[in-house]
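Have a look at the structure below before the remarks.
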Amino acid sequence: MDTLEEDLTCSVCYSLFSDPRVLPCSHTFCKGCLDNVLQASLNYSIWRPLHQLKCPICRSVVELSLTSVDTLPTNVPLQAIIEKYQRESEPRRPLCPEHFRQPLNMYCVQDRQLICGLCLTVGRHQGHIIDDLQAAFNREKQTPSLLLARLSEKRWTTMCELGEQLEQEKARCESLLKNDQQEVKRFFHNVDAVLAKKRQVYLEVLDKASVEVSRAYDPLIHRVKELQEEHLDLVSLASSVEEEDSPLVFLEKVHLFRERVDKFTNASLPSVLNLSVTPRAAEYLQQYWPVVTLGGLDEAPVPKVCCCTRCGSVPAEAHKTPSVGSVHDSRFKPITVLLLLLLVLVASLGVSQFHSGLCSEFLPYFWAWLESTYMGMEAFVQRWCCHFSSMGEMFLQQMTTFLTNLTSPLDLSVLFTS
């Protein structure tokens with residue numbers, strides 16, 4: 001196709017031939033191009049005849065009867081070829097995708113698309129209103145300007161004001177949310193600070209208990225290591241005594257060795273110190289902390305952990321060292337005295353008289369003092385209700401339990417922590 005277009009192109013204007021005229025030399029040019037060549041020749045008529053035209057390709061001279069190219073014959077076959085080429089080069093109408101080789105030559109007004117004849121008669125556009133595409137285009141040409149006239153300035157002003165109001169409301173809500181975020185951060189920062197403080201206090205209590213454990217066990221461990229070193233030293237000394245050749249020196253060494261062995265074997269070994277760590281952190285937290293509220297977080301109880309020696313496990317020598325359980329002796333004495341006084345009161349008045357006369361008045365105050373002294377407020381409220389509603393025989397059973405446990409008083413230290 002490109003080669004055909006080159007053959008149909010004028011060598012003067014390099015466009016498709018327009019009204020092609022053929023010269024006697026068989027070369028063809030556009031009529032307009034030949035007019036321009038002839039006009040240029042007339043400008044130099046001093047040395048060239050007025051009725052001569054030179055061919056732009058082969059330079060042959062053409063004699064003209066007039067001072068124009070109208071007398072030159074038209075290249076009719078070439079003109080026909082050019083017209084056919086131009087028709088075939090025009091864009092073809094698109095074909096219908098639903099019906100084979102049917103051109104889309106109608107415009108469906110309802111669906112606003114091009115259709116073919118079969119689409120209108122037997123297809124899905126049957127019964128629809130159709131129109132010529134160019135006619136529909138010309139009819140709607142002025143519609144955009146008419147629609148534009150309906151967009152008034154008043155509506156535009158209203159929309160602008162509405163947009164400003166929405167922006168202001170959005171900024172107001174965002175400001176409220178930002179303030180709420182700051183309040184939430186401040187609140188939880190305070191909660192975190194209180195929790196961190198409680199955690200630090202709890203860990204410090206456990207660290208103090210760890211120091212008590214070290215104070216209790218380190219002297220015993222140090223004493224055992226000294227005995228071990230003494231034992232090894234005696235074994236080494238026995239070897240050196242056996243290797244002594246001088247009788248006098250040997251007897252002297254044996255005497256000294258005997259004294260050291262007697263002293264070593266007569267020395268008592270430290271007994272195992274069995275400490276009881278109370279209260280345990282996990283049990284204490286599960287017992288008292290689930291009922292703690294955020295408002296009462298500052299008053300949440302923290303125990304005073306102690307390492308108490310169990311009965312029968314402390315040797316006589318161990319009492320010479322500072323006793324780790326003694327930290328609760330001053331706290332244990334008041335409750336012991338009160339329990340003994342209560343026992344004397346029951347014995348003097350009789351169980352029935354005590355229960356009927358004083359139980360309802362004295363017992364609540366006694367339990368209130370006991371719980372407020374040794375328990376947290378949350379646990380105090382719960383236990384107060386429990387003890388207040390279970391007077392009578394339950395009280396006697398609890399008294400019996402307390403008095404029985406007096407034989408091992410240090411085991412009760414878990415009851416007296418706060």
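Quick notes
- Of Ile129, Ile82, Ile57, the sequence from fewest to most neighbouring Cβ atoms within 10 angstrom is Ile129, Ile57, Ile82.
- At R0 = 35 Å, FRET efficiency that the Cβ-Cβ distance of Glu63 and Arg87 yields, to 0.05: 0.40
- Panel order for Asp111, Asp245, by other beta carbons found within 10 Å of each beta carbon, from fewest to most: Asp245, Asp111.
- For Met106, the amide hydrogen comes within under 5 Å of the amide hydrogens of Ile115, counting only partners 5 or more places away or on other chains and with H modelled in the peptide plane.
- Reachable aspartates and glutamates, given that their alpha-carbon falls under 19 Å from the alpha-carbon of Lys263 and they are not under 8 places away in the same chain: Glu226, Glu229, Glu230, Asp233, Glu252, Glu317
- Extending 7 Å from Cα along the Cβ direction at Val201 and again at His27 yields two label points whose distance is 11.6 nm.
- Panel order for Leu146, Leu195, Leu285, by other beta carbons found within 10 Å of each beta carbon, from fewest to most: Leu146, Leu195, Leu285.
- Counted by Cβ distance under 12 Å from Ala171, the other residues give a net charge of -1, where Lys and Arg count +1 and Asp and Glu count -1.
- Lysines whose Cα lies under 20 Å from that of Lys208, excluding same-chain neighbours fewer than 8 positions away: Lys197, Lys198, Lys304
A short reminder: the numbers here are calculations on the coordinates, not readings from a lab. All figures in this text were calculated on a predicted structure; none of them were measured in a lab. Please note: Cβ atoms are built from the backbone with ideal geometry, for glycine as well, and neighbour counts cover all protein chains shown.
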